[in-house]
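A quick write-up on the structure given underneath.
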Amino acid sequence: MNAVIILPTYNERPNIGVILEKLHSVVKQIPGHRFTFLVVDDTSPDDTASVVRGLQKKYTDISIITGKKEGLGKALLRGLTYAIERLKADILIQIDADLSHDPSVLPRFLEALDTGADFVVGSRYIPGGSIPDNWGLHRKIYSVVGNAIVRFGLGFSSVHDWTGGYRALRKTFFDSAKDELREYSGYVFQIAFLHKAIKHGAKIVEVPIHFTDRRFGHSKIAPSEYIRNVIVYIVKERLKSSFGKFLVVGTVGFILNTLVLEIFVLLGFHPTIGSAVGAECAIISNFFLNNHWTFQHRRIGKNQVVSKFIQFNGTSLGALFIQSGIVAAGTFTMGVAAYRQFYIFGIVLGLLWNYFMYSRVIWKE
Ligand SMILES: Nc1nc2c(ncn2[C@@H]2O[C@H](COP(=O)(O)OP(=O)(O)OP(=O)(O)O)[C@@H](O)[C@H]2O)c(=O)[nH]1
Ligand SMILES: [Mg+2]
């Protein structure tokens, strides 16, 4: 099969020649595929391109495309598209050009593809993989915690490394995700790409890699912008999911509950009555909205609606017990002044309880 190795570069003059030479010697040991190389350079001020053009005299299998600097995501999108349309790639390989990714592991990526994987991820967070020992503690934490947030935030915990750029995949998984990926111009592209591929049914296999610090040049990542983009991505994706909708519905219920309570108090009723009526209004609204929106794909039919609504009241009561039980236990052990943190903790546990009961009992598959 035609495999194209894509190297995005921005100011990688000291590295690009070394990695291209190494890759050439590694691919000779990989049977069954024809390899070509594509450098996607964003008109680097250090003239990375001239090193590549020099090497093109020695190797005819190196291509280079240049463009203006619009971020790593845009560069990868251009490179992946070019590899398929112009270089007729069946397999797409991505590797950083700064020698942080060891070319000698590449055969394992292709072995995985040859034995049924669709999308192979170089992983620093599985046994046999690692991040650099010489990284300071804060950088290690940043890397490990960042990955864990993405992993659990998106709800695909079986894949461990979401932010790396050493990957190999079948071209069909780029074809199907391409249009959705246009909006991710920066480093978040890597996360979005893997996420879309999983959603399109790609069989993911992780290969352990040791990540080494670049020796020459410097990082192009802008941490604060990256963190913001990652959080926005996770929140947006989650809002599309049933858990996100569930949270929106819960918020509507909470507002309704409060409104009804205040109106009843204004009308001269005792707050106990106001909050009981408010809670029931929220329960009705939650049931209706979850049935028609959050879990619309498992909507409860007319014949079951009454019994399910009674059951729904029961599970809501369960959440109420959890919340008040935690506040009672917490204030009993820590003193009344600590009530707020237990209230929040109780709300979170109550939410988890509700979501679990809704998805596993009320609207079970
Ligand atoms: N074409 C292009 N390449 C980029 C751009 N940003 C980063 N790259 C390349 O993408 C690869 C990864 O970028 P790095 O800056 O090394 O990011 P990193 O590996 O997360 O950071 P370090 O840990 O410092 O190495 C390198 O080969 C870069 O040259 C860009 O805007 N355009
Ligand atoms: Mg790097």
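Read-outs throughout are calculated quantities, based only on the coordinates presented, and are distinct from any laboratory measurement. Just so it is clear, the model here is predicted, and its values are computed rather than measured. Cβ: placed from backbone, ideal geometry, glycine included. Neighbour counts: every protein chain shown.
Where the alpha-carbon atoms of the stretch 231-323 are placed on the principal axes, they occupy 45, 39, 24 Å, in descending order.
Taking the helices alone, the chain has a mean residue ellipticity at 222 nm of -18000 deg cm²/dmol, built from -39,500 (n - 2.57) per DSSP H run of at least 4 residues and averaged over all its residues. In plain terms, the chain from Thr81 to Glu183 could stretch by 35.2 nm, reckoned as 0.36 nm per residue minus the Cα-Cα distance.
Of the residues Gly122, Gly314, Gly335, the one that moves most in a GNM of the chain with alpha-carbon contacts below 10 Å is Gly335.
The simple spin-label model puts a point 7 Å past each Cα toward its Cβ; for Trp293 and Ile310 those points are separated by 2.8 nm. Build a GNM of the chain with springs between Cα atoms under 10 Å apart, and of Val265, Val188, Val51 the one that fluctuates most is Val265. Cα to Cα, under 14 Å, and not fewer than 8 places away if on the same chain: which aspartates and glutamates meet these conditions relative to Lys58? Candidates past the 8-residue exclusion: Glu21. Looking at the stretch 15-99, the trypsin sites (Lys or Arg not before Pro) that sit in a DSSP loop and have at most 13 other Cβ atoms within 10 Å of their own Cβ are Lys28, Lys57, Lys58, Lys68, Arg86, Lys88. The slack between Phe156 and Glu70, meaning 0.36 nm per residue of separation minus the straight C-alpha distance, is 28.1 nm.
Given a Förster radius of 45 Å and the C-beta distance between Glu280 and Lys199 as r, what FRET efficiency does 1/(1 + (r/R0)^6) yield to the nearest 0.05? Efficiency computed from Cβ-Cβ geometry: 0.75. Computed over the chain with a Gaussian network model linking Cα atoms closer than 10 Å, the most mobile of Ala222, Ala192, Ala112 is Ala222.
Quote the FRET efficiency, to the nearest 0.05, computed for Gln29 versus Lys140 with a Förster distance R0 of 30 Å and r equal to the Cβ-Cβ distance. For R0 = 30 Å, the calculated efficiency reads 0.35. When the pairs Lys240/Lys364; Lys199/Lys308; Lys69/Lys203 are compared against a 28 Å limit on Cα-Cα distance, Lys199/Lys308; Lys69/Lys203 fall above it. Loop-only chymotrypsin sites (Phe, Trp or Tyr not before Pro) in the stretch 37-123, please: DSSP not H, G, I, E or B, and at most 15 other Cβ atoms within 10 Å. Those that pass, being in a loop and sparsely packed, are Tyr59.
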